[in-house]
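Each remark here refers to the structure printed beneath this line.
The values are calculated or read from the model by the stated rules, or taken from the named source; none is laboratory data. Model, not experiment: these values are computed from the prediction. Here the Cβ is made from the backbone with ideal geometry for all residues, glycine too, and neighbour counts use every protein chain on show. To get the accessible areas, we keep the full protein, side chains included, count just its heavy atoms, and leave off ligands, DNA and RNA. Shrake-Rupley method; radii C 1.70, N 1.55, O 1.52, S 1.80 Å.
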Amino acid sequence: QVQLVESGGGLVQAGGSLRLSCAASGRTFSLYAMGWFRQAPGKEREFVAAIRWSGATSYSADAVKGRFTISRDNAKNTVYLQMNSLKPEDTAVYYCAAGGSLSYTPSRYDYWGQGTQVTVSS
């Protein structure tokens, strides 16, 4: 079992920045690929970014490329999502997830956090 707890969400003006953190406990964090997903009201959960267990490879959705950066610190059992140049359309609940392989697909992830709200005002 892996327990994931997100933090760092909040209310920010358009153009601002936030850094989300996801702290993991339980089974060895460094063995898992980690992903960030988001879900806005009335919409399906969508891929934001993911990073391989080693941190050597990462992917981002086109909608956030160049603005969001995923990183991880295996010594701290934590994965981060640095979000810059935020837009109102980035407003959503953001979830971190752990899985056995790097994937864009939510169903490929085995463990999920409870989510943290990000609201971007115009």
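The phi-based Karplus calculation (6.51 cos²θ - 1.76 cosθ + 1.60; θ = phi - 60°) puts the 3J(HN,Hα) values of the range 73-88 at 10, 5, 5, 9, 6, 9, 10, 10, 9, 7, 10, 10, 6, 5, 10, x Hz, whole numbers, x for Gly and Pro. Within a straight-line Cα-Cα reach of under 18 Å, LYS43 can be paired with the following aspartates and glutamates, leaving aside sequence neighbours fewer than 8 residues apart in one chain: ASP62, GLU89, ASP90.
Against the 2.2 N^0.38 Å scaling, with N counting residues, where does the range 1-69 land? I'd like the Cα-based Rg ratio to two decimal places.
Details: Rg = 13.4 Å, N = 69, 2.2 N^0.38 = 11.0 Å.
Dividing the Cα radius of gyration by 2.2 N^0.38 Å gives 1.22.
For the range 1-115, the convex hull spanned by the alpha carbon atoms encloses 92 Å³ per residue.
Of the GluC sites (Glu not before Pro) found in the range 24-113, those that fall in a DSSP loop while having at most 16 other beta-carbon atoms within 10 Å are GLU44.
With bins 10 Å wide beginning at 0, the percent of Cα pairs of the range 60-122 falling in each bin runs 18, 50, 30, 3.
Over the chain, what relative contact order in percent results from Cα pairs under 8 Å that are six or more residues apart? Mind showing how you got there, number by number?
Details: 316 pairs, mean separation 43.5, N = 122.
Value for the chain: 36 percent.
Express the carbon and sulfur contribution to the solvent-accessible surface of the chain as a percent, rounded to the nearest whole number, probe 1.4 angstrom.
That share works out to 47 percent.
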